[in-house]
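J.: I have a structure here, written as structure tokens, and I will follow up with some questions on it.
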Amino acid sequence: MRDFSYLRASSAGEARQAALQAGSTLLAGGTTLLDLAKCGVMEPETVIDITHLSGLGGITLDAGGATIGALAKMGAVADHAGIRAAFPAVSESLSLAASAQLRNMATIGGNLLQRTRCSYFREPDVFPACHKRNPGSGCSALGGVTRNHAVLGTSDACIATYPGDLAVALAAFDAVVDLGGRTVSVDDFFLTPGNTPERETALQRGEMITAITIPASAAAKNSTYLKVRDRQSYEFAAASAAVGLEFEADGKTVRDIRVVLGGVATKPWRARNVEQALVGKVLSAETVEAASRLAMEGAVSHGANHYKIELAPRVVARAILKVGGLV
Amino acid sequence: MTRTIHLSLDINGRRHELDVEPRVTLLDALREHLALTGTKKGCDQGQCGACTCHVDGSRVLSCLTLAAQVEGRQITTIEGIAAENGELHPVQAAFVEHDAFQCGYCTPGQIMSAVACIREGHAGSDDEIREYMSGNLCRCGAYNSIVAAVREAAEMA
Ligand SMILES: Cc1cc2nc3c(=O)[nH]c(=O)nc-3n(C[C@H](O)[C@H](O)[C@H](O)COP(=O)(O)OP(=O)(O)OC[C@H]3O[C@@H](n4cnc5c(N)ncnc54)[C@H](O)[C@@H]3O)c2cc1C
Ligand code: SF4
Ligand code: FES
Ligand code: FES
């Protein structure tokens, strides 16, 4: 890990000011930053520690929804009774992520900003070609081992998967990222790679996430996060789905449904076509299975990741049937 | 030019002063600068749990924590959990009782993780213990005995 200088920010304003400097990086839980610095992927000149700032770690809830401070720890949000009651999918997405130790360290703001990445990206010495690390250098994954790469939202430049869980649940419930001076919906916050895979989010230099707000809804209250992976715990998703569902008064016709996929796309993947196919329909195993297949519209595989195209719609279907009370 | 910063760390109830480069992790500060080698380095990238310590009572990975970041926090390592008179912590005693190790390399991390896991209330069943201890890998595969030790310590707590 290259050496850097260390600045402990004493106010959010000081942190933002310092972050304007090229080569400066904010440090929250450090679980992405230090990991990637050790791999030689991130080489900050100055690390700005924001963990000693006060007032950015709170979790507040009212009838309108929840506000979660950027420095709230993943574990604290996962275990928060109010979040679990109003947004079960959000709580589950966090308790199924990483490990207990990492969840005690990692923050909500940092979690959103974990890189969209692949194992080639993590090995600059062995695999110099990576458009994301070094635009124009090529992509080592194309033609390589692609089991964990994305099938949705890819481009000729990059096929890396957005690996996070929380953002998948947040995108389902129209959560908003508060950047202090402006707000951006979680859906717009994340970018597909296109020709600029080095840009993953709408965050600009010198900006800091201060909070995430999640509006309350009946669909959010009746929601789940289903994560399927190669081992039972402490592993990223092979495919995941955040689903929320509200029935009409008859208890079987869909009034509102939210479907977002994780582990298969270059950003949290809201499947509005699946949602539209189910609104107004009576929920049944058949309608759900047919609608879930639409989630793979436009999917492209690169060899070993082909299984995701089969797996993801089944994960979506199972999650919908679960919140619909049909399994 | 090597930059160093002066840190004052509160470890196991004692204050330690040290001068280190800003990039030094808590794990390297403990092992290389303070001779507290009970905390182990396995992967050094957040994947194995061997380096687990407590910061303000929560279990964290010292390999992904900067020493500079935890100034002003209370750090507890495996050296700090037995009683003053040398009596083992109940989780340490349960690991011995259940022979919950082979080579012992993962053990300090397992014990620090287990102490926190029980305190968090996440050791209610074998399944819950497996889930909440999943951040601690054991290359010797002593998992069955580890679960038994944690369960017994949790029942006694
Ligand atoms: C072994 C391992 C397993 C993991 N498994 C999972 C998993 O299963 N699911 C999952 O979702 N994640 C997983 N993760 C990723 C983990 O969740 C992220 O590393 C973590 O959430 C990042 O948060 P942090 O606070 O540590 O961020 P940091 O490392 O401190 O920061 C990450 C980035 O965000 C920037 N940043 C941080 N806070 C702010 C802010 N408030 N405003 C602007 N910029 C900011 C930093 O400058 C940095 O670039 C895993 C990580 C590891 C190491
Ligand atoms: S898929 Fe993206 S991150 Fe991975 S090597 Fe190719 S360009 Fe780099
Ligand atoms: S050494 Fe820290 S997790 Fe492996
Ligand atoms: S006892 Fe050897 S690694 Fe766990």
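Each row is one residue, and each column tells you yes or no for (1) of a type outside the set (G, A, S); (2) not assigned by TED's automatic domain parsing to the domain that holds A:G244; (3) not in a loop (DSSP other than H, G, I, E, B).
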site	(1), (2), (3)
A:P135	yes, yes, no
A:T146	yes, yes, no
A:T154	yes, yes, no
A:C158	yes, yes, no
A:G164	no, yes, no
A:V168	yes, yes, yes
A:V177	yes, yes, yes
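J.: Would you say A:V176 is under 17 Å from A:A219 (Cα atoms), within 12 Å of ligand 1 (Cβ to nearest atom) and at pLDDT 95 or above?
T.: Judged against the criteria, A:V176 is not a match.
J.: Sticking with this one: For B:G86, state whether it is more than 10 Å from ligand 4 (Cβ to nearest atom), touching a residue at least 12 places away in the same chain (Cβ under 8 Å), more than 21 Å from A:E235 (Cα to Cα) and in a loop (DSSP other than H, G, I, E, B).
T.: For B:G86, the condition - more than 10 Å from ligand 4 (Cβ to nearest atom), touching a residue at least 12 places away in the same chain (Cβ under 8 Å), more than 21 Å from A:E235 (Cα to Cα) and in a loop (DSSP other than H, G, I, E, B) - is not met.
J.: Which strands (runs of 3 or more DSSP E) does region A:20-85 wholly contain that include 1 or more residues that are within 11 Å of ligand 1 (Cβ to nearest atom)?
T.: Filter on region A:20-85 gives A:24-27, A:46-49, A:65-69.
J.: Of everything in region A:128-141 that's in contact (Cβ under 8 Å) with a residue 60 or more places away in the chain and closer than 15 Å to A:N195 by Cα, which residue is farthest from ligand 3 (Cβ to nearest atom)?
T.: So the residue we want is A:P135.
J.: Right, something else. Return the residues of region B:8-50 that are at the interface with chain A (Cβ under 9 Å from one of its Cβ atoms), within 16 Å of ligand 4 (Cβ to nearest atom) and either in contact with a helix residue (DSSP H, G or I) (Cβ under 8 Å, 6 or more places away or on another chain) or farther than 22 Å from A:T32 by Cβ (or both); say none if nothing qualifies.
T.: B:D44, B:G49
J.: Where residues in region B:119-148 are among the acidic types (D, E) and over 13 Å from A:A100 (Cα atoms), which of them is surrounded by the most Cβ atoms within 10 Å (Cβ to Cβ)?
T.: B:D126
The values are calculated or read from the model by the stated rules, or taken from the named source; none is laboratory data. This is a predicted model, so every value here is computed, not measured. Because the Cβ atoms are built from the backbone with ideal geometry, glycine has one as well, and the counts that use them run over all protein chains shown.
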